[in-house]
1. Looking at the stretch 59-71, is at least one residue in contact with a Phe, Trp or Tyr (Cβ under 8 Å, 6 or more places away or on another chain), without any contact (Cβ under 8 Å) to a residue 24 or more places away in the chain and open to solvent by less than 100 Å² (accessible area, probe 1.4 Å)?
2. Give me the residue from the stretch 23-58 that is open to solvent by less than 90 Å² (accessible area, probe 1.4 Å) and among the polar types (S, T, N, Q) and, out of that set, farthest from Ala4 (Cα to Cα).
3. Taking Arg16, is it open to solvent by 80 Å² or more (accessible area, probe 1.4 Å) and either at pLDDT below 90 or touching a helix residue (DSSP H, G or I) at 6+ places or on another chain (Cβ under 7 Å) (or both)?
4. Any idea which of Leu18, Leu8 is among the aliphatic types (A, V, I, L, M) and under 29 Å from Gln67 (Cβ atoms)?
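The values are calculated or read from the model by the stated rules, or taken from the named source; none is laboratory data. Not measured: the values here are computed from a predicted model. FYI the Cβ positions are ideal-geometry reconstructions off the backbone, even for glycines, and counts take in every protein chain you see. These accessible areas exclude ligands, DNA and RNA; they are computed on the full protein's heavy atoms, side chains included. Shrake-Rupley method; radii C 1.70, N 1.55, O 1.52, S 1.80 Å.
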Amino acid sequence: TAGATATLELKPFFRRELSVLGSFLGSRVDLEAALALLAEGKVKPVVDTVFPMREAEQAQAMLEAGQQFGKLVLLHS
């Protein structure tokens, strides 16, 4: 998101058989429309679990295992 050109070393991708996925995030108009829907309460994110910050390691493990449905939230105490 820092610009149109990115430089990266390809050898680790080949060695570890990694993939790169990307998506276009939309325009500023799209973002403003989405934020308006959120502000109006018409769209609500799906939250799976809320963790206190001290349990960030458990939240990361849950993400890595693919055990969540929706967002995981970390609360700053």
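1. Filtering the stretch 59-71 down to residues in contact with a Phe, Trp or Tyr (Cβ under 8 Å, 6 or more places away or on another chain) leaves 59.
Keeping just the survivors that are without any contact (Cβ under 8 Å) to a residue 24 or more places away in the chain gives 59.
Imposing the further condition that a residue be open to solvent by less than 100 Å² (accessible area, probe 1.4 Å) reduces the set to 59.
Yes, the conditions are met somewhere in the stretch 59-71.
2. Thr49
3. yes
4. Numbers: Leu8 fails: under 29 Å from Gln67 (Cβ atoms).
Checking each option against the conditions leaves just Leu18.
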